[in-house]
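Here is the structure we will look at.
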Amino acid sequence: MRYFFLLAAFLLLSACATPAAQAERIDLMELRPLPRPSTTAVLPLRVAVASIISPRGTMDSYEPLLAYLGEKLDRPVELVQRRTYGEVNDLLESGGVDLAFVCTSAYVMGERDFGMQLLAAPQVKGDTVYHSLLIVPADSMAAGMADLRGGVFAFTDPISTSGRNYPIALVQQLGETPGNFFRRTFYTYSHDDAIRAVANHVADGAAVDSLVYAFAIEREPELAQQTRIIHQSPAFGIPPVVTGPQIRPQLAAELQAILLEMDKDPAGRAALTAVGIDRFVVVADAIYDSVRELETTVSR
Amino acid sequence: MPNHNSQSPIFSSPFFARFWRIAGSVSVRTKILGIVLALVLLLGVGITVQVRVVMQRALESWMEEQSVSVARDLAARATDFILVNDLFALHQLLDETQRNHPNVRYAFIADEEGHVLVHTFGDGFPEGLLTANSATAAEHHRLIRLETTEGGVWDTAVPIFEGRAGTARVGLSEAGMQAALATLTGQMLLTTVIVSAIGIAAATLLTWIVTRPILDLKRAATAVGHGDFSQHLIPWSGDEIGELAETFNVMTAELAHAEQERVERDQLRSQLLEKVITAQEDERRRIARELHDETGQSLTLLMVRLQMVNQRLDNQQCLLPDVQEQLDDARVLVAQTLDGVHNLAVELRPSVLDDLGLVAALHRYVKDYQARYPVEVDLVVVGLEERLPPAVETAAYRIVQESLTNIARHSQAQTVSILIEYRNGRVRAIIEDDGVGFDWARVKENGRLGLYGIRERAELLNGTLTIESAPGQGTSIFVEVPL
């Protein structure tokens, strides 16, 4: 009987006991300050990509291009992403980034507000224009903006030409304001997410960059089946590559040269293919006049 | 049973012997309680241990899964915030993660170079935690169990955006699980205790059910042992004990029957003995009277005739010396015979006992006895002013007579003291001598009937007889007879 109780007690104790402590115990209450990240000796080239497409998509697409730039400059390149176009513009203005891929209206605003400089523009399928596409879910009956009355609409960014200004202009043409016309609106902060929002019926409609749309359906063909284009805008100047006012002119010239020569180099061509463009070309600021016009209309 | 058990080495072991000494010495009630308690405790503790072990395994597995799923979720949701450098949103995300999962002890995100971007520790960061776990870009996750000052923590590292955006780390504390386990164990042990209490109550009832007939049986058996054959058991149960009760009832009935027969036989024997004794006394009285009246008278007449013959011879002056001498001899012989007849008659049945009573008869007998034997007898009679019933007088007389005869024959006593006392409706006789005494057991073996005769006479009158004696100690005989 006594042995039995001893055995039972032993079993109980062994069940209660925690496994023997390992050599090292971490004290969760003893907090030490974190070490400051050591500043690297070589200052990286900082490249911002406006959130035309989602951050992950941006990183996937632009990594080869950035790597190419780094190789050519013999200098590390850091990709900087921000949620909104406005934040990227702020970085350009303050010199937080050296080079940026921005949206047309962001360029128009930056050029006007703090002297953003046009460096180059991509050429896609031989052209330097893009459109705003009004898309709806594939099973939607809508044939135009008028049919989206009372629906949910997805804007991409507060200062996007194709994703906000153009559809607002369409609503204004119908004699309405977006607040009255749509039941609800929201921002996706990227064009590919706007496409996904429509494809998944989160939004009844959205306006997106035609280049992003083409690029997206190429990568995810099911998006083409899930969405339908019901309207295409007139051509706008393509989103450019810009620098801030504080960049050294020599670096700006060097970067422009690398970009314009990229298509001559196999590695450069591969990097261009990854972002879906043929080459970089020099464009005149005038191609963005229609964007300026639209912005004025909308903000009026 | 022990003989049977001794064949097995287990049962003959000292351990079992000790166990049996303890187990065998306690009552059935304790045994049943012991069985129930041992069973309940064994079951309760066994199940508690088992459930605890199973629960611990299940909870650990669940914690592992939760740790991984929370970390995966955090990594997925943090990606965009990291890429767009939205540290505030990241912070919000960590706070939210910790708020939504109370088990989450900490969460933090390290960038691809291993610098902590955001964490939930507030001011500062625990030493050694950052390097305690890591996941390569190719890994889905890596789960390890960390020993901390607050107990075990399940730490999961998940690469964010294939490691390009860093690593998410989440630590789930075991404290909640341990508390749940402790609660569970406590509850189960409490249940065991409660069930034990119920078990004790049930066992007490069971014991009562089981032992009640046994206790009844014991009580009845004790009563039967004391000669009460009226016991009848109610067979409470149809089991072996019930059968035992019925068997007991049959046995008691048979015993009662046998006892009745014995009593009847005893009565018959007593009656017979009484008749024998009465007949003996009557016969003795008749013979004594015959001897006294007939033989005594004849011998007296013979004596008278011989006297007359002698006188005639004297008167006629006829000198026949031979005849004279022979006549004298005859007269002496007749006188002796007359004495012998008289003594015989007295011995057989003193008429004084019938005529004058016990006290006179005893005084006469003692006087004769002292004349015959060299023993001094001190007879004291107290409270016997009136005559007792004839049967009692006869018995008392015969007891004293038999005792004195035995003393004269065997005891070599110098003095005898006899006390006859009548008090409170009882007659007591105490006969003490200073003789050699005897060993009562040897007397029994030798089959000396004299003492039995005394006892029989006393018992026929519902009296008692006690003899105290030892070699060299003299003898005392106490007789007590109720009237």
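The values are calculated or read from the model by the stated rules, or taken from the named source; none is laboratory data. These numbers were taken from a predicted model, which means no experiment stands behind them. Cβ coordinates were reconstructed from backbone atoms using ideal geometry, including for glycine residues, and neighbour counts include every protein chain displayed.
A:Ala17 falls short on exactly one of the conditions (1) more than 30 Å from B:Glu150 (Cα to Cα); (2) more than 10 Å from chain B (Cβ to nearest Cβ); (3) modelled with pLDDT under 75, and that condition is (1).
Among the numbered conditions (1) assigned to a helix (DSSP H, G or I); (2) within 22 Å of the chain's Cα centre (by Cα); (3) over 24 Å from A:Gln117 (Cα atoms), the only one that A:Gln225 does not meet is (2).
Inspect all residues belonging to the stretch B:71-94 and state whether any of them is hydroxyl-bearing (Ser, Thr, Tyr), within 12 Å of chain A (Cβ to nearest Cβ) and under 27 Å from A:Arg56 (Cα atoms). Yes, because at least one residue in the stretch B:71-94 is hydroxyl-bearing (Ser, Thr, Tyr), within 12 Å of chain A (Cβ to nearest Cβ) and under 27 Å from A:Arg56 (Cα atoms).
Quick grid of which residues meet (1) within 14 Å of B:Ala395 (Cα to Cα); (2) surrounded by 13 or more Cβ atoms within 10 Å (Cβ to Cβ); (3) of a type in the set (Lys, Arg); (4) at pLDDT 85 or above:
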position: B:Asn446; (1), (2), (3), (4): no, no, no, no
position: B:Glu456; (1), (2), (3), (4): yes, yes, no, no
position: B:Ala470; (1), (2), (3), (4): no, no, no, no
position: B:Gly474; (1), (2), (3), (4): no, yes, no, yes
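Within the stretch B:114-141, how many residues turn out to be more than 7 Å from chain A (Cβ to nearest Cβ), small (Gly, Ala, Ser) and either touching a helix residue (DSSP H, G or I) at 6+ places or on another chain (Cβ under 7 Å) or at positive phi (or both)?
2
The condition of being touching a residue at least 12 places away in the same chain (Cβ under 8 Å) and in a loop (DSSP other than H, G, I, E, B) holds for only one of B:Pro213, B:Pro235, that being B:Pro235. The residue that is surrounded by the most Cβ atoms within 10 Å (Cβ to Cβ), among those in the stretch A:193-207 that are closer than 12 Å to A:Leu134 by Cα and under 14 Å from the mean Cα position of the chain (by Cα), is A:Ala194.
If only residues of the stretch B:166-178 that are within 13 Å of chain A (Cβ to nearest Cβ) and outside any strand (DSSP E or B) are counted, the one that is farthest from B:Leu94 (Cα to Cα) is B:Gln178.
With the requirement that a residue be part of a helix (DSSP H, G or I) and over 23 Å from A:Pro239 (Cα atoms), what does the stretch A:173-196 give you? Passing the criteria: A:Gln173, A:Pro178, A:Gly179, A:Asn180, A:Phe181. Under the condition of being in a loop (DSSP other than H, G, I, E, B) and farther than 25 Å from A:Asp139 by Cα, the residues counted in the stretch A:228-254 number 10.
Does the stretch B:372-384 contain any residue that is of a type outside the set (A, V, I, L, M, F, W, C) and within 19 Å of B:Asp282 (Cα to Cα)? Within the stretch B:372-384 (the criterion being of a type outside the set (A, V, I, L, M, F, W, C) and within 19 Å of B:Asp282 (Cα to Cα)), the answer is no, since none of the residues qualifies.
Okay, residues lined up against (1) at pLDDT below 90; (2) within 8 Å of chain A (Cβ to nearest Cβ); (3) part of a loop (DSSP other than H, G, I, E, B); (4) surrounded by 15 or more Cβ atoms within 10 Å (Cβ to Cβ):
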position: B:Val53; (1), (2), (3), (4): no, yes, no, no
position: B:Arg105; (1), (2), (3), (4): no, yes, no, yes
position: B:Glu112; (1), (2), (3), (4): yes, no, yes, yes
position: B:Trp154; (1), (2), (3), (4): no, no, no, yes
position: B:Arg164; (1), (2), (3), (4): yes, yes, yes, yes
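Kindly indicate whether any position in the stretch B:382-390 is surrounded by fewer than 17 Cβ atoms within 10 Å (Cβ to Cβ), in contact (Cβ under 8 Å) with a residue 24 or more places away in the chain, over 30 Å from B:Asp293 (Cα atoms) and out of contact with any Ser or Thr (no Cβ under 7 Å at 6 or more places or on another chain). Yes, there is a match, as at least one residue in the stretch B:382-390 is surrounded by fewer than 17 Cβ atoms within 10 Å (Cβ to Cβ), in contact (Cβ under 8 Å) with a residue 24 or more places away in the chain, over 30 Å from B:Asp293 (Cα atoms) and out of contact with any Ser or Thr (no Cβ under 7 Å at 6 or more places or on another chain). Regarding B:Leu130, is this residue more than 60 Å from the chain's Cα centre (by Cα) and either among the hydroxyl-bearing types (Ser, Thr, Tyr) or part of a strand (DSSP E or B) (or both)? So B:Leu130 does not fit the description; no. Residues of the stretch B:142-197 being out of contact with any helix residue (DSSP H, G or I) (no Cβ under 9 Å at 6 or more places or on another chain) and at positive phi, which ones? Within the stretch B:142-197, B:Glu162, B:Gly163 meet the criteria.
All of (1) under 21 Å from B:Asp86 (Cβ atoms); (2) touching a residue at least 40 places away in the same chain (Cβ under 8 Å); (3) within 14 Å of chain B (Cβ to nearest Cβ) hold for A:Pro64 with one exception: (1). Every condition in (1) in a helix (DSSP H, G or I); (2) under 20 Å from the mean Cα position of the chain (by Cα) holds for A:Ile277 except the one numbered (1).
Listed by position, the helices (runs of 4 or more DSSP H) enclosed by the stretch B:381-478 that each have at least 2 residues that are within 39 Å of the chain's Cα centre (by Cα) are B:440-446, B:449-460. Take B:Arg72 and tell me if it is part of a helix (DSSP H, G or I), surrounded by 13 or more Cβ atoms within 10 Å (Cβ to Cβ) and free of Cβ contacts under 8 Å to residues at least 40 places away in the same chain. Answer is no for this residue. When the residues of the stretch B:299-350 are narrowed to those that are of a type in the set (Val, Ile, Thr) and under 25 Å from B:His363 (Cα atoms), which ends up surrounded by the fewest Cβ atoms within 10 Å (Cβ to Cβ)? Among them, the one singled out is B:Thr337. Could you please let me know if B:Leu94 is surrounded by 21 or more Cβ atoms within 10 Å (Cβ to Cβ) and outside any strand (DSSP E or B)? Criteria met by B:Leu94.
Selection of first residues in the stretch A:78-94 that are more than 12 Å from chain B (Cβ to nearest Cβ) and of second residues that are surrounded by fewer than 20 Cβ atoms within 10 Å (Cβ to Cβ) and not basic (Lys, Arg), restricted to Cβ pairs under 6 Å at least 6 apart or on distinct chains, gives the following pairs, ordered by first then second residue: A:Glu93/A:Phe114.
In the stretch A:122-137 there is at least one residue matching the filter, namely being touching a residue at least 40 places away in the same chain (Cβ under 8 Å) and farther than 30 Å from A:Leu65 by Cα.
When residues in the stretch A:229-273 are screened for being touching a Pro at 6+ places or on another chain (Cβ under 8 Å) and more than 30 Å from A:Ala207 (Cβ to Cβ), 1 of them pass. Of everything in the stretch B:22-51 that is β-branched (Val, Ile, Thr) and within 11 Å of chain A (Cβ to nearest Cβ), the residue that is surrounded by the most Cβ atoms within 10 Å (Cβ to Cβ) is B:Thr48. For the stretch B:254-275, a tally of residues being at pLDDT 85 or above and closer than 19 Å to B:Asp354 by Cα returns 1.
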